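Working notes, structure below.
The values are calculated or read from the model by the stated rules, or taken from the named source; none is laboratory data. This structure is a prediction, so every number in the text was calculated from the model and none was measured. We place every Cβ from the backbone using ideal geometry, glycine too, and count neighbours over all the protein chains shown.
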Amino acid sequence: MIEIRGLTKSFHPHTILNHIDLTIRTGEIVAVIGSSGAGKSTLLRSINLLEIPDKGTIKIGEVKVDIVKRTKAETLELRKRTAMVFQQFNLFRQKTALENVMEGLIIVKKIPKEDARKIAMLQLEKVGLIHRIHHYPKQLSGGQQQRVAIARALAMQPQLLLFDEPTSALDPELAGEVLDTIKKTAEEGNTMLLVSHEMSFVRKIATRVLVLDQGAIVEDGAREEVFSNPKSERTKQLLANYYRDRDPEFAI
Amino acid sequence: MPTIFDIELVFSLIPKLLKYLPVTLELTVISMIAGLLLGLLLAIIKMKKIPVLYQISVVFISFIRGTPILVQLYLCYAGIPLLLKYYNYYHETSYNVNSIPAVFYVLITLSLNEAAYNSEVIRAALLSVDKGQTEAAQSLGMTYGQVLRRIILPEAFIVALPTLGNSLIGLMKGTSLAFVCSVVEITAQSRILAGNNLRFFESYVAVALIYWAMTILIERAIVFLEKRLDIDFKSMRKRKGDVILD
């Protein structure tokens with residue numbers, strides 16, 4: 001269970017996040033949608049404190065962190081309980097796919113090297129890259145890199161997986177393989193918070209949809225409810241584009 | 001006609017000079033390692049803008065860059081005994097100035113000098129590592145020290161390698177100033193040998209050839225290292241021992 005209360009962040013004079021309250025139950029797949037600049041990425045990055053909010057509390061499992069009074073140990077603890085997949089993959093360039101996945105296991109979780117290797121191999125096999133374990137990021141395609149990044153995140157067995165526009169940097173063909181991997185991850189019962197512009201994908205995998213506008217949650221509901229019966233004006237506008245694209249160009 | 005240039009003498013002098021090569025190498029290696037560590041420290045102080053230390057490091061680097069290394073050696077050679085005298089006076093101790101080996105002064109000066117120049121190279125290299133990798137490492141729950149050691153330094157090292165190689169060559173040649181503190185290394189020895197038979201030019205040619213050869217060796221070593229650290233090369237080696245093939 002993840003509880004976020006009163007999360008606020010501003011870059012003066014703009015308020016990026018305005019008192020966000022959010023509770024995510026275990027196993028939920030929450031998609032965050034909204035136009036760019038709505039604060040979606042900031043929300044995600046605030047949860048693992050890559051971005052330091054001005055105030056608020058974040059509770060993941062038993063760990064509760066008050067932003068204002070946070071300690072270094074609490075910050076690390078929060079980060080250990082989450083794992084993030086970035087838009088630009090952010091793999092370690094000087095490490096192979098296998099070493100990328102092993103890194104957190106060895107350094108953060110202090111798992112013996114041989115065991116870490118086994119876990120990493122398993123995760124890489126799950127994302128379909130067992131034949132690429134000794135390749136370095138620059139020798140992999142964007143889609144493969146992102147799948148390694150997903151394996152790296154999954155290996156840490158986080159209580160919350162954060163996806164920050166995982167397919168925005170990929171062309172549609174490569175995005176497909178990444179989306180399939182994310183879908184598989186979702187089906188395994190992981191708790192996920194996902195920022196994505198791929199509306200049809202969101203509609204396929206999310207159990208719950210949040211609409212963020214100007215730093216506030218303007219709509220929060222079950223997937224089908226939001227897609228077929230949006231309440232707020234902002235959501236209707238956002239979905240208008242999605243439905244327009246879905247309409248056939250010609251009808252007989 | 002007397003021999004104007006005795007080429008045979010040059011080659012017979014080289015083995016005699018090589019006996020002092022270990023001194024040159026010792027000065028180079030120790031100063032380089034100390035210079036790298038201290039340079040890294042200075043770079044981090046500058047990057048993180050740590051109060052007080054930051055201001056001290058700015059003045060220090062500016063001073064080292066603004067004075068000739070020869071003058072720095074003089075300062076060190078004359079200044080450290082003075083400091084010791086002060087210390088003895090106020091703490092009623094009796095450390096002997098003469099117990100400090102002459103090499104110590106040279107090592108201190110060269111290390112500090114190297115640190116000041118390396119710190120800028122290291123800082124630039126650290127900044128060249130893109131923030132995404134740091135963020136990814138942090139998001140896994142690594143501390144700053146772990147991120148620095150495991151992620152930033154290995155990549156920054158590759159970026160800084162060619163420049164640090166140049167600085168190593170400069171340092172190796174810089175050790176020739178050690179005679180100021182009465183340390184005998186190859187250059188000092190070449191003067192001593194020349195004093196015996198007054199064949200200065202032959203002696204200097206011999207020592208020049210040794211420096212040149214050393215420089216070429218260092219250059220080669222750097223190129224070799226760069227190749228070994230190349231990603232495609234590393235990947236090939238790792239894949240070789242692997243059963244799974246594409």
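Things to note:
- Residues located in region B:92-116, provided they are closer than 15 Å to B:ALA78 by Cβ and in contact with a Phe, Trp or Tyr (Cβ under 9 Å, 6 or more places away or on another chain): B:ALA102, B:TYR105, B:VAL106, B:THR109
- B:LYS227 vs. criteria out of contact with any strand residue (DSSP E or B) (no Cβ under 9 Å at 6 or more places or on another chain), away from every other protein chain (no Cβ under 14 Å), basic (Lys, Arg) and surrounded by fewer than 17 Cβ atoms within 10 Å (Cβ to Cβ): yes
Residue-wise test of (1) in contact with a Gly (Cβ under 9 Å, 6 or more places away or on another chain); (2) surrounded by 15 or more Cβ atoms within 10 Å (Cβ to Cβ).
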residue	(1), (2)
A:VAL195	yes, yes
A:ALA206	no, yes
A:GLY215	yes, yes
A:ASP220	no, yes
A:VAL226	no, yes
A:PRO230	yes, yes
A:TYR242	no, yes
A:ARG246	no, no
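- Selection within region A:108-124 - in contact with a Leu (Cβ under 6 Å, 6 or more places away or on another chain), more than 9 Å from chain B (Cβ to nearest Cβ) and either in a loop (DSSP other than H, G, I, E, B) or closer than 18 Å to A:ASP180 by Cα (or both): A:ILE111, A:GLN123
- Breaking point among (1) farther than 25 Å from B:ILE169 by Cα; (2) touching a residue at least 60 places away in the same chain (Cβ under 8 Å), for B:HIS91: (2)
Per-residue answers, yes or no, for (1) modelled with pLDDT under 95; (2) at the interface with another protein chain (Cβ under 8 Å from one of its Cβ atoms):
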| position | (1), (2) |
| --- | --- |
| A:ALA73 | yes, no |
| A:LEU76 | yes, yes |
| A:GLN88 | yes, yes |
| A:GLN94 | yes, yes |
| A:MET102 | no, no |
| A:ILE106 | no, no |
| A:LYS126 | yes, no |
| A:ILE130 | yes, yes |
| A:HIS134 | yes, yes |
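- So A:VAL178, is it of a type outside the set (Lys, Arg), surrounded by 23 or more Cβ atoms within 10 Å (Cβ to Cβ) and modelled with pLDDT of 95 or more: no
- Failed item in (1) modelled with pLDDT under 95; (2) of a type in the set (Phe, Trp, Tyr); (3) in contact with a helix residue (DSSP H, G or I) (Cβ under 7 Å, 6 or more places away or on another chain), with B:PHE104 passing the rest: (3)
- All positions within region B:177-186 that are in a helix (DSSP H, G or I) and surrounded by fewer than 23 Cβ atoms within 10 Å (Cβ to Cβ): B:LEU177, B:PHE179, B:VAL180, B:CYS181
- Scanning region B:139-159 for residues that are of a type in the set (Lys, Arg) and either over 20 Å from B:ILE231 (Cα atoms) or more than 7 Å from chain A (Cβ to nearest Cβ) (or both) turns up just one, B:ARG149.
- Some residue of region A:138-157 being without any contact (Cβ under 8 Å) to a residue 24 or more places away in the chain and within 11 Å of chain B (Cβ to nearest Cβ): yes
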